[in-house]
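Only one structure is covered here, and it is reproduced in the block below.
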Amino acid sequence: MKFDASKRATRTLAVLLGLTAATLAAVFLLQASSWKAGLTVAVGFTSICKVRLVVLDFLGLRTSGSALILALQAWAAVVLILAAARPMAAAFALF
C-alpha cells in the first residue's frame, strides 16, 4: 500500500468514526417521542454517507467509474427505505 493510499484510508476511517459518533449523538438527543421521524432521517442520512465512503474508498471503486458503485449505493438505499418505512409510518401515526 502506498503512503497516499494509506493516508486516504486513515482519513476515511476517521470520517467513518465521526459519522458513527454523529449517529450516537442523534440517538441520544432525538430519542423523545416527538422526534422519531427526525431520528430516522438523521440515522438514514449518516448510514448512506457511510455506505458511500466504504464503497468508494475501502472497496477501491473511487476511480473505477464502475456501475457497481451505483448498484451498491442503490441496494443500500433500498434496504434503508424498507427498514425505515415502519418507524416513519409509526411516527406519522399511519399504522
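Gly44 satisfies every condition listed in (1) of a type outside the set (A, V, I, L, M); (2) assigned to a helix (DSSP H, G or I); (3) touching a Leu at 6+ places or on another chain (Cβ under 9 Å); (4) over 30 Å from Ala9 (Cβ atoms) except (4). Thr12 falls short on exactly one of the conditions (1) touching an Asp or Glu at 6+ places or on another chain (Cβ under 8 Å); (2) open to solvent by 40 Å² or more (accessible area, probe 1.4 Å), and that condition is (2). Taking every residue in region 17-33 that is within 15 Å of Gly44 (Cβ to Cβ) and without any contact (Cβ under 8 Å) to a residue 40 or more places away in the chain and pairing it with any residue that is assigned to a helix (DSSP H, G or I) and open to solvent by 60 Å² or more (accessible area, probe 1.4 Å), at least 6 positions away or on another chain, yields no pair with a Cβ-Cβ distance below 7 Å.
Being closer than 21 Å to Ala90 by Cβ and open to solvent by 40 Å² or more (accessible area, probe 1.4 Å): is that true of Phe58 here? Taking the combined requirement at face value, the residue does not satisfy it. Scanning region 35-48 for residues that are open to solvent by less than 40 Å² (accessible area, probe 1.4 Å) and either at pLDDT below 85 or not hydroxyl-bearing (Ser, Thr, Tyr) (or both) yields Ala37, Gly38, Leu39, Thr40, Ala42, Gly44. When the criteria are applied in full, Ala14 fails the requirement of being at pLDDT below 85 and of a type in the set (A, V, I, L, M, F, W, C). Ala77 passes all but one of (1) modelled with pLDDT of 85 or more; (2) open to solvent by less than 40 Å² (accessible area, probe 1.4 Å); (3) under 18 Å from Thr12 (Cβ atoms); which number fails? It fails just one condition, (3). For Ile69, the conditions (1) closer than 21 Å to Ala9 by Cα; (2) hydrophobic (A, V, I, L, M, F, W, C); (3) at pLDDT below 85; (4) assigned to a helix (DSSP H, G or I) all hold with the exception of (3). Of all residues in region 15-34, those being open to solvent by less than 40 Å² (accessible area, probe 1.4 Å) and either of a type in the set (S, T, N, Q) or touching a Ser or Thr at 6+ places or on another chain (Cβ under 6 Å) (or both) number 2. Filtered by the rule that a residue be touching a helix residue (DSSP H, G or I) at 6+ places or on another chain (Cβ under 9 Å), within 14 Å of Cys49 (Cβ to Cβ) and not β-branched (Val, Ile, Thr), region 14-34 gives Leu16, Leu19, Ala22, Ala26.
The values are calculated or read from the model by the stated rules, or taken from the named source; none is laboratory data. Bear in mind that the values here come from a model prediction, so they are computed numbers and not experimental data. Cβ coordinates were reconstructed from backbone atoms using ideal geometry, including for glycine residues, and neighbour counts include every protein chain displayed. Protein only, heavy atoms only, side chains kept; ligands, DNA and RNA dropped before computing areas. Shrake-Rupley method; radii C 1.70, N 1.55, O 1.52, S 1.80 Å.
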